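Below you'll find the structure, written out as structure tokens, and then a few comments.
The numbers here are math on the coordinates, done by the rules we state, and not lab data. All figures in this text were calculated on a predicted structure; none of them were measured in a lab. Neighbour counts are summed over all protein chains in view; Cβ atoms, including those assigned to glycine, are modelled from backbone coordinates with ideal geometry.
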Amino acid sequence: MDKDILLAVVLGAHGLKGEVRVKAFTETPDALARYTALHASDGRIFTVAQLRPGKSGEAVAGFREVHDRMAAESLKGVELFVARDTLPAPDENEFYHADLLGLTAEDEAGRLIGTVKAIHNYGAGDVIEIARGDGDTVLLPFSREFVPTVDLQNGRVVIAVPEDSETGEHGNVE
């Protein structure tokens, strides 16, 4: 695949020597050290020279290309990516969120609901966003209960339409 995968975002400068605090989207923040060359969406390359733990989910990184606090401050908000093909293959029943974008979302009977637009995490777990044909979007918890099937081979996810707790009938995400 030729997709870029977001691994981290720069939160701000750290200290005077050009280090930055980064929010890591890897399993653990120290995993960023495996990817010495990260790139921004504008094509700039950042080579990880050193990395140490920060707050939970964060790390402090030093890049060879950043030498002072002023340069580090200018990176606030920069997203850092790697090419999808540099990542290890996921285990069976695992996948990268980026691999889900653009997949068809169907209900359990095979009826089209929409297309996977994004996977969000607002702190309480992952949420799948599905864009419907009418321009509206549907947000559902990204769990086995609501998304029992992720079928990358066939380019689809199956959405279990939630049951209405008062009526016992299945709701409508269309």
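General remarks:
- Within straight-line reach of LYS3, meaning a Cα separation under 23 Å, sit the following lysines at least 8 residues removed in sequence or on another chain: LYS23, LYS117.
- Among the trypsin sites (Lys or Arg not before Pro) found in the range 17-68, those both in a DSSP coil and sparsely packed, with 14 or fewer other Cβ atoms within 10 Å of their Cβ, are LYS17, ARG44, LYS55, ARG64.
- Anisotropy class assigned to the chain is prolate, per the alpha carbon gyration tensor with a/c at or over the 1.5 cut-off and a/b larger than b/c.
- Among the GluC sites (Glu not before Pro) found in the range 70-171, those both in a DSSP coil and sparsely packed, with 14 or fewer other Cβ atoms within 10 Å of their Cβ, are GLU92, GLU94, GLU108, GLU145, GLU166, GLU169.
- Tensor-based shape of the range 115-158 (alpha-carbon gyration tensor, a/c under 1.5 rounded, otherwise prolate or oblate): oblate
- As a rough footprinting exposure proxy, the listed residues ASP91, ASP107 were ranked by other beta carbons within 10 Å of their own, and the order from fewest upward is ASP91, ASP107.
- Full-extension gain in nm, THR47 to ASP30, via 0.36 nm per residue minus C-alpha separation: 4.7 nm
- The range 4-86 shape via C-alpha gyration tensor axes, a/c threshold 1.5: oblate
- Residue list for the range 21-42, given a label point 7 angstrom along the Cα-to-Cβ vector of ASN121 and an amide N cut-off under 17 Å: 22-33
- Loop-located GluC sites (Glu not before Pro) in the range 1-60 whose Cβ has at most 10 other Cβ within 10 Å (DSSP): GLU27
- Modelled FRET efficiency - R0 22 Å, ASP136 with GLU94, Cβ distances, 0.05 increments: 0.15
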